[in-house]
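K.L.:
Sharing a structure below in structure tokens format, with a few things to ask.
The values are calculated or read from the model by the stated rules, or taken from the named source; none is laboratory data. Because the structure is a prediction, the values reported are computed rather than measured. Here the Cβ is made from the backbone with ideal geometry for all residues, glycine too, and neighbour counts use every protein chain on show.
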Amino acid sequence: MSSSCGATEPAAGRILSLITVSPAFDPHGRPRKPGALCIGAQKAGTSWLAQMLGQHPQVWIPPFKEVQFFNHRFIPGHRQWIGWHYRNKPDEIRARHKARGLPMPPELDAYLDGLTRGQMFHNHWYKRVFAPAPAQAMPMDFTPEYASLPDDGVDFVANVLPRARVIYLVRHPVDRAVSQLRMNLRREGRNPQTLADWLAEIENPVLDDRGDYAACLPRWQARFPDMLVLPFGRIARDPQAVMDAVEAHLGIGPFLYRNLREKVFATPDGPRPPHKAVAALAERLRPQIAFLEEHMGADFLAETR
């Protein structure tokens, strides 16, 4: 899943390496706002949840899953890689159809082309992203980076989407950071060799923003007090209970999900930080762990891994 690492991923089974987004597609749909957001956390199960909700006829998820609209506006440092995201995702979707021996639907091809040409990331463009959602389905934006929006960014979200139903998946701070670190090293082709190298890696502030629960949770709960906050570990232990809670929160009916206990995007083999580096990371993240215990309770914290 977009969340993997030292903690156990959703229960055993074949790893699902491709997200199943909503198959329904209305080429004549009108631009509309999403009715729900999944704001993260990164490496905390958002791809698994998208895999499940993408099957539900009352939910519609864009074919590239992560829209990256609000962070593009409020986190300038994200803009360079968001450009890469939109340059590459359409080609990935076309390649996926080809690999499966399926023709690329012309309406999907036109949709992807239209969204990635000309001016992007304005308000009407955002609504166009969700235009193909069938009339009976709730459009949903899955973008884990939204969790780290600053105060004015979350204010903007609340102004644009005042009735949005928000979901936040929380993974144990240390497990989440280790998973993100391993993903970053794999993408960058780096392999720390010494303990000193690993200790330098865990000090990288890039690991902090996506897992700064002490800042993110109160900020979002102040604007969306009914936000559904779920612990990552529950996905492995009781995925049906997770989906029951999500369905109730979104106001959608029950559904019999396929592959409920299968992994999505599990972290492949690669560099693993030594125990001493993980212990140092745990010490550095102790305030985040303490915050979760105080804010959400000891039982919730235990379920984050």
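K.L.:
Please work out if Arg190 is over 23 Å from the mean Cα position of the chain (by Cα), among the basic types (Lys, Arg) and surrounded by fewer than 22 Cβ atoms within 10 Å (Cβ to Cβ).
P.N.:
Yes, satisfied.
K.L.:
So, in the stretch 57-66, of the ones that are crowded, with 20+ Cβ neighbours inside 10 Å, in a loop (DSSP other than H, G, I, E, B) and touching a strand residue (DSSP E or B) at 6+ places or on another chain (Cβ under 9 Å), which residue ends up modelled with the lowest pLDDT?
P.N.:
Checking each candidate, the answer is Lys65.
Every residue, every condition in (1) within 22 Å of Pro34 (Cα to Cα); (2) touching a Lys or Arg at 6+ places or on another chain (Cβ under 9 Å); (3) not small (Gly, Ala, Ser), yes or no:
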| position | (1), (2), (3) |
| --- | --- |
| Ile82 | yes, no, yes |
| Asp91 | no, no, yes |
| Ala99 | no, no, no |
| Pro105 | no, no, yes |
| Asp109 | yes, yes, yes |
| Arg117 | yes, no, yes |
| Met120 | yes, no, yes |
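K.L.:
Among all residue pairs at least 6 apart or on different chains, which show Cβ distances below 9 Å where the first residue, located in the stretch 277-300, is without any contact (Cβ under 8 Å) to a residue 12 or more places away in the chain and the second is surrounded by fewer than 18 Cβ atoms within 10 Å (Cβ to Cβ) and part of a helix (DSSP H, G or I)?
P.N.:
Close Cβ pairs (under 9 Å, with a partner that is surrounded by fewer than 18 Cβ atoms within 10 Å (Cβ to Cβ) and part of a helix (DSSP H, G or I)) amount to Ala290/Ala214; Glu293/Phe300.
K.L.:
So, one more: Before we move on, is Pro218 in a loop (DSSP other than H, G, I, E, B) and either modelled with pLDDT of 95 or more or among the hydroxyl-bearing types (Ser, Thr, Tyr) (or both)?
P.N.:
No: the conditions fail for Pro218.
K.L.:
Let me ask another. Give the stretch 273-302 a look and list any residue that's crowded, with 17+ Cβ neighbours inside 10 Å and assigned to a loop (DSSP other than H, G, I, E, B), or say none.
P.N.:
Those that are crowded, with 17+ Cβ neighbours inside 10 Å and assigned to a loop (DSSP other than H, G, I, E, B): Pro273, Leu285.
K.L.:
Got at least one residue in the stretch 229-240 being surrounded by fewer than 16 Cβ atoms within 10 Å (Cβ to Cβ), in a loop (DSSP other than H, G, I, E, B) and either in contact (Cβ under 8 Å) with a residue 40 or more places away in the chain or on the phi < 0 side of the Ramachandran plot (or both)?
P.N.:
Yes: one or more hits.
K.L.:
Separate question: So which helices (runs of 4 or more DSSP H) stay within the stretch 67-171 end to end and still have 2 or more residues that are surrounded by 11 or more Cβ atoms within 10 Å (Cβ to Cβ) and either without any contact (Cβ under 8 Å) to a residue 60 or more places away in the chain or of a type in the set (Lys, Arg) (or both)?
P.N.:
Fully inside the stretch 67-171 and qualifying: 69-74, 79-99, 106-115, 123-129.
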